Each structure stands twice: as C-alpha cells, then as structure tokens.
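Novice: For reference, the structure I am asking about is given below.
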Amino acid sequence: MKLTGANESDIAQAGELLADHEPEVVIADRGYDKKALVEQIEARGAEAVIPTQKNRAEQRQVDEHLYRERNLAERFWSKVKQYRRVATRYEKKAANFLAFVKVAAIMVMLK
C-alpha cells in the first residue's frame, strides 16, 4: 500500500508498486491504459489485462474472464471503506491514516 495525495493520478505510482513484484498477470482498469506501462509489464513476462481507452485508435484485446477477477479488489476496498475512521479520514497525519487503513485491511482479511 502506498498513500498519495488526492491530486496525484494512480498510474504515476504503478511502476513503483510493481517494482518489487514478478506477477504473472496485472489486472487494472482503464485508468492504467498507458502504452509505456503495458510495455513495462509485458517486458517482465507478465500479461497486462488492462482495457484500452474507448477513444484510442488501436484497441488491445484483453481476457474478459481474467478482467472479471478485478472485482475482488474492488469489493475488498469497498469493505475497508466501511470502517468509519478510513471513510472519513479523521487522522490528519498521513502515517497515522495509512496505519488505520492497514488495520482495517487486516480486519477485512480476518473475516
């Protein structure tokens, strides 16, 4: 997990988040559709399951069955956000907020 400012895009953090991992498949939404990122993923020998933006001239084919697995992550974060301290961000310091997000994530995984 990495906490960033609200005005930062998610894709800016993708390279750093993938740096220490050797995944077989990377599943992400259309917001991560960047040619450089897809090439970086494929250079590592992984499959990029990232749908292309609708306005792109060159559309990439993705495995629909694998892409449906993304809902697991979406449902997980939905459950984490049910914890009031996470949803309302009571904590002002980033380190404290990230700690509560981790605690909430652990509670969701333990259920």
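The values are calculated or read from the model by the stated rules, or taken from the named source; none is laboratory data. A quick note: this is a predicted structure, and the numbers were derived from the prediction, not measured. Ideal geometry is used to build each Cβ from the backbone, glycine not excepted, and the neighbour counts take in all protein chains shown. To get the accessible areas, we keep the full protein, side chains included, count just its heavy atoms, and leave off ligands, DNA and RNA. Shrake-Rupley method; radii C 1.70, N 1.55, O 1.52, S 1.80 Å.
Novice: Report, largest value first, the span of the C-alpha coordinates of the chain along each principal axis, in whole Å.
Specialist: Per principal axis, max minus min of the Cα coordinates gives 44, 29, 29 Å.
Novice: Further question: Given points 7 Å out from each Cα along the Cα-Cβ axis, report the Glu24 to Ala95 separation in nanometres with one decimal.
Specialist: According to this spin-label approximation, the distance is 3.9 nm.
Novice: Separate question: For the chain, find the longest principal axis of its Cα atoms and tell me its angle to the long axis of helix 94-110, 0 to 90°, nearest 10.
Specialist: Long axis of 94-110 versus the principal axis of the chain: about 80 degrees.
Novice: Probe of 1.4 angstrom, ligands and nucleic acids ignored: what's the accessible area per residue over the chain, in square angstrom?
Specialist: 75
Novice: Figure the gain on full extension for Ala57 and Asp10 (residue separation times 0.36 nm, minus the Cα-Cα span) and round it to one decimal in nm.
Specialist: Fully extending the segment from Ala57 to Asp10 adds 14.6 nm.
Novice: What distance in nm separates the two pseudo spin-label positions at Arg85 and Glu47, each 7 Å out from Cα along the beta-carbon direction?
Specialist: 4.0
Novice: Additional query: Ignoring ligands, DNA and RNA, what percent of the accessible area of the chain is carbon or sulfur (1.4 Å)?
Specialist: Numbers: 4280 of 8360 Å².
Of the solvent-accessible surface of the chain, carbon and sulfur hold 51 percent.
Novice: First obtain the Kirkwood hydrodynamic radius of the stretch 61-105 from its Cα pairs, then insert it into the Stokes-Einstein equation at 25 °C and 0.890 mPa s, and state the resulting D in µm² per second as a whole number. Can you show the working numbers first?
Specialist: Values: Rh = 11.9 Å.
In µm²/s, the coefficient is 206.
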